[in-house]
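Only one structure is covered here, and it is reproduced in the block below.
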Amino acid sequence: MLDLIAQVQIQDRSSGDASCVADNGFCPSWIVDNLNRYTDPLLQHVYLTIVSLAIGFAISFGLALIAHRRRWLVAPITQITGVLYTLPSIAVFFLLLPITGRGNTTAIIALVAYSLLIIFRNIIAGLDNVPAETKDAGRGMGLTDRQLLWRVELPLALPEILAGLRIAATTTVGLATLAFFAGAGGLGERIFEDIVFKSNVVTAGALAVLLAAAFDVVILIVQRAVTPWARARAS
């Protein structure tokens, strides 16, 4: 039976060096000829990452703004999001399956839960690191607390906020490779579909690494674009 499965897998690898493919080796020619089979999983991975980050950032941002004014909320929110972050990812997927079923919803809920702690802590840290004299100057100019938050505190906190988003993005890309356990697809499904074939694992794994690097670079470029004063201060 195992020999029959192996033969089917080899036949499915339609091109490339026959001996290399048969030996489950690293076959550059096979990778070049079969890159198209990773397009849909890659797009699915991007979708899961972007949607999860967007929802996670919105929730974390709202919680951070509330906790920034009501400091007693910082500790319990940090503890709750910390507990969510430490839960084993595969276990979370399986625990959610009976409630939300197989598909993107289950995967996104889990991925959002893992992003909350990272983003929340960085937003709080950014707001806390705004110099007191800067806030006093804003109040001296007649700014209300709301105006001070949006015109002074949040702009100055942007480097820490976007740094947290960068960390959350790379973490989410990595965790999304396990989303196939929830029936959400992604590059992880392609990896585990034929995990003994080196060319398949290397290709899907490399695409996941490149995707994480791409998100990091894009957010870094945005950070530098919206905080030119930070670059000037550093120089």
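H68 is checked against (1) at pLDDT below 90; (2) surrounded by 12 or more Cβ atoms within 10 Å (Cβ to Cβ); (3) not aliphatic (A, V, I, L, M) and fails just one. What number does that condition carry?
Single failed check for H68: (1).
Among the listed residues I90, I80, which satisfies the condition of being under 28 Å from L210 (Cβ atoms) and surrounded by fewer than 18 Cβ atoms within 10 Å (Cβ to Cβ)?
I90
Which condition number in (1) acidic (D, E); (2) crowded, with 19+ Cβ neighbours inside 10 Å; (3) over 18 Å from L48 (Cα atoms) is the one that E189 fails?
(3)
Could you check R224 against (1) crowded, with 19+ Cβ neighbours inside 10 Å; (2) more than 18 Å from S52 (Cβ to Cβ) and say which number it fails?
(1)
Kindly indicate whether any position in segment 151-164 is in contact (Cβ under 8 Å) with a residue 24 or more places away in the chain, small (G, A, S) and in contact with an Asp or Glu (Cβ under 6 Å, 6 or more places away or on another chain).
Within segment 151-164 (the criterion being in contact (Cβ under 8 Å) with a residue 24 or more places away in the chain, small (G, A, S) and in contact with an Asp or Glu (Cβ under 6 Å, 6 or more places away or on another chain)), the answer is no, since none of the residues qualifies.
Please determine, by comparing only the residues of segment 25-50 that are over 22 Å from V112 (Cα atoms) and among the polar types (S, T, N, Q), which one is surrounded by the fewest Cβ atoms within 10 Å (Cβ to Cβ).
Of everything passing the filter in segment 25-50, N36 is surrounded by the fewest Cβ atoms within 10 Å (Cβ to Cβ).
Looking at segment 27-65, which of its residues are among the acidic types (D, E) and either under 19 Å from the mean Cα position of the chain (by Cα) or at pLDDT 95 or above (or both)?
D40
Inside segment 71-99, can you point out the residues that are polar (S, T, N, Q) and either at pLDDT 90 or above or within 20 Å of N122 (Cβ to Cβ) (or both)?
Those that are polar (S, T, N, Q) and either at pLDDT 90 or above or within 20 Å of N122 (Cβ to Cβ) (or both): T78, Q79, T81, T86.
The values are calculated or read from the model by the stated rules, or taken from the named source; none is laboratory data. Owing to the predicted nature of the structure, the values given are computational and were not obtained by experimental measurement. Counting neighbours? That spans all protein chains shown, and the Cβs are built from the backbone with ideal geometry, glycine included.
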